Amino acid sequence: MNCNKCKTKAVIGLPRHNAAFCKTCFNTFVHEQVARAIKGERMFGRDHRILVAVSGGKDSLALWDILLKLGYKADALYVDLGIPGYSAKSREKVQRFADTVARTHEATLLIHKVEEEEGAGIRELANLIHRPTCSTCGTIKRYQFNRTAVEQHYDVMATGHNLDDEASRLLGNVLHWQEDYLDKQGPSLPASIEGFAKKVKPLYRLSEREVAAYSVLNRIDYIVDECPMAKGSKMLLYKEVLNRLETESPGTKQAFYCGFLEKQASALRQGSGQAQPAPTSMAEKDRATLHPCATCGQPTTAEICSYCKMMAKAKAGSTR
Amino acid sequence: MADSCLRRSRLQSGSAQAYHRRMKVHLSHPERHVEVKGPKRVKDLLRDLNLLVEAHLVIRGDELVTEDELLRDEDYVEIRPVISGGSADEESRVRGSRGAVETSYRSLLPRTSHLVPRTNFLP
């Protein structure tokens with residue numbers, strides 16, 4: 001198999017694009033896809049300060065690498081969840097990338113330790129509040145990333161969600177008709193009210209396999225092990241199902257997710273002259289429903305945000 | 001044909017050790033090693049192990065290889081899964097999802113046989 005562009009030996013075939021690329025042309029392809037996502041979704045500009053959420057996995061480290069190589073000002077935040085045997089390994093990968101690659105671009109790595117601020121590791125916290133570990137982890141990470149981005153005056157927060165992440169999440173939400181969550185499926189979520197950082201997903205045009213290949217080809221040392229807490233999650237099952245469909249019919253994931261984004265955008269554009277009222281934008285909804293948490297001041301729909309409620313419950317559980 | 005030619009050339013070289021040599025394949029989730037008789041194309045190796053091309057990268061030595069590449073007995077091959085993650089967060093809560101609770105989905109177990117029909121992918 002030869003590269004479609006330069007005709008030298010290819011290192012990866014991309015059936016959904018009916019193409020194959022050598023290392024150099026594949027890197028160009030990846031950079032172009034990310035640049036197209038940033039421009040098309042108006043994610044950020046050259047002068048903006050970006051905070052990348054890094055975990056030590058292929059997606060977040062590849063994202064940090066790509067943004068730095070494209071010339072953006074990107075720092076990163078790592079949240080150390082205190083998972084025995086896993087967090088130390090993933091933190092080491094992030095630190096090594098920061099020391100060897102990010103430092104040459106004058107980028108900084110910030111670290112938040114859950115055990116130091118929240119008083120216990122993620123597994124212990126989940127047990128104390130009787131919630132699944134993945135859901136507890138999600139609440140802590142979202143809270144800490146948003147808080148750091150706002151407090152340290154970053155213009156935008158970037159996560160390494162790829163096409164597979166977004167398509168599997170969409171599948172889960174559609175299968176259970178979780179319509180309320182569909183609004184937040186876009187690759188660029190605005191800073192709708194004060195206290196909310198803008199959130200973007202610059203890798204949404206790239207499949208999980210393409211991001212992994214980029215990491216391998218560019219010698220990015222990432223953690224290959226799966227998070228031990230994620231074993232058996234429904235998202236992994238949805239990804240597997242979508243990959244089966246993709247194998248039989250290349251382009252399925254892209255058609256599913258990008259088709260959804262197009263329909264969502266056209267629904268927002270139309271509507272005013274229709275019999276039905278125009279759908280309300282997410283920013284408008286946020287402004288109508290969110291207000292500062294009584295405890296920490298971060299935006300929430302309730303009086304106290306889910307993070308503060310969780311911490312109060314954990315504190316009560318630990319003193320029993 | 002190619003297989004018998006390769007075998008003959010090895011016998012001619014007089015190396016009995018080379019005759020019994022098989023390519024070493026490193027798999028993850030869970031981590032394990034298997035030995036496979038070559039020569040074999042990447043796509044055939046993945047199919048024999050019942051693994052999807054879309055969910056894996058094949059690395060020979062330290063180089064990424066395409067599905068049509070021929071792997072030989074002397075090769076050390078890593079089949080690296082690309083799927084990661086699995087958090088059930090607030091913005092995509094799945095009814096019935098239990099996060100860390102281990103389930104018995106066949107799709108999540110290591111595949112070593114061809115007995116599972118490829119089209120029957122639902123648990």
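Among residues of the stretch A:227-246 being crowded, with 21+ Cβ neighbours inside 10 Å and not in a helix (DSSP H, G or I), the one that is farthest from the other protein chains (Cβ to nearest Cβ) is A:C227. The conditions of being small (G, A, S) and under 24 Å from B:E54 (Cα atoms) are met by A:G56.
Out of the residues in the stretch A:1-56 that are among the basic types (K, R) and part of a loop (DSSP other than H, G, I, E, B), which is surrounded by the fewest Cβ atoms within 10 Å (Cβ to Cβ)? Across the stretch A:1-56, the extreme among qualifying residues is A:R46. If we keep just the residues of the stretch A:59-89 that are within 14 Å of chain B (Cβ to nearest Cβ) and touching a Ser or Thr at 6+ places or on another chain (Cβ under 6 Å), which is farthest from A:A149 (Cα to Cα)? For the stretch A:59-89, the residue satisfying everything is A:A62.
Can you pull out the residues in the stretch B:41-87 that are without any contact (Cβ under 8 Å) to a residue 24 or more places away in the chain, of a type in the set (K, R) and closer than 18 Å to A:R244 by Cβ? Walk me through it before giving the result.
Step one: list which residues in the stretch B:41-87 are without any contact (Cβ under 8 Å) to a residue 24 or more places away in the chain, which gives B:44, B:47, B:52-54, B:58-65, B:84-87.
Subset that is of a type in the set (K, R): B:47, B:60.
Within the stretch B:41-87, just B:R47 meets the criteria.
Being more than 22 Å from A:Y72 (Cβ to Cβ), assigned to a helix (DSSP H, G or I), within 14 Å of chain B (Cβ to nearest Cβ) and at pLDDT below 95, is that true of even one residue in the stretch A:112-122? For the stretch A:112-122, residues more than 22 Å from A:Y72 (Cβ to Cβ), assigned to a helix (DSSP H, G or I), within 14 Å of chain B (Cβ to nearest Cβ) and at pLDDT below 95: present.
Within the stretch A:200-225, the set of residues being within 10 Å of another protein chain (Cβ to nearest Cβ), part of a loop (DSSP other than H, G, I, E, B) and under 18 Å from the mean Cα position of the chain (by Cα) comprises A:S207, A:Y222, A:I223, A:V224. Has the stretch A:67-86 got any residue that is without any contact (Cβ under 8 Å) to a residue 12 or more places away in the chain and more than 23 Å from A:V211 (Cβ to Cβ)? No, that holds for no residue. Scanning the stretch A:1-13 for residues that are more than 18 Å from A:N218 (Cα to Cα) and touching a helix residue (DSSP H, G or I) at 6+ places or on another chain (Cβ under 8 Å) yields A:N4, A:K5, A:C6. Restricting attention to the stretch B:48-85, the residues being buried (at least 20 other Cβ atoms within 10 Å of the Cβ), over 20 Å from A:K58 (Cβ atoms) and within 7 Å of chain A (Cβ to nearest Cβ) number 0.
Given the condition touching a residue at least 60 places away in the same chain (Cβ under 8 Å), within 26 Å of A:E32 (Cβ to Cβ) and of a type in the set (D, E), answer yes or no: does some residue in the stretch A:104-120 qualify? No, because not a single residue in the stretch A:104-120 is touching a residue at least 60 places away in the same chain (Cβ under 8 Å), within 26 Å of A:E32 (Cβ to Cβ) and of a type in the set (D, E). Taking the stretch A:36-90, which residues are within 26 Å of A:C227 (Cα to Cα) and of a type in the set (K, R)? Matches in the stretch A:36-90: A:K58, A:K89. The conditions of being over 27 Å from A:R147 (Cβ atoms), within 14 Å of another protein chain (Cβ to nearest Cβ), more than 20 Å from the chain's Cα centre (by Cα) and hydrophobic (A, V, I, L, M, F, W, C) are not met by A:L125. Just to be sure, is A:A88 surrounded by fewer than 17 Cβ atoms within 10 Å (Cβ to Cβ), of a type in the set (A, V, I, L, M), outside any loop (DSSP other than H, G, I, E, B) and modelled with pLDDT under 95? Here the answer is yes, as A:A88 does meet what is asked.
Here the condition is being touching a residue at least 24 places away in the same chain (Cβ under 8 Å), outside any strand (DSSP E or B) and buried (at least 22 other Cβ atoms within 10 Å of the Cβ); of A:D164, A:D183, it holds for A:D164 alone.
I'd like to know if the stretch A:206-218 contains one or more residues that are among the basic types (K, R) and modelled with pLDDT of 90 or more. The answer is yes; a qualifying residue exists. One residue is enough: does the stretch A:62-69 have a residue meeting the conditions touching a His at 6+ places or on another chain (Cβ under 6 Å) and either more than 21 Å from A:Y307 (Cα to Cα) or part of a helix (DSSP H, G or I) (or both)? Within the stretch A:62-69 (the criterion being touching a His at 6+ places or on another chain (Cβ under 6 Å) and either more than 21 Å from A:Y307 (Cα to Cα) or part of a helix (DSSP H, G or I) (or both)), the answer is yes, since at least one residue qualifies.
The values are calculated or read from the model by the stated rules, or taken from the named source; none is laboratory data. Only a predicted model underlies this, so the values are computations on that prediction, with no experimental measurement involved. Ideal geometry is used to build each Cβ from the backbone, glycine not excepted, and the neighbour counts take in all protein chains shown.
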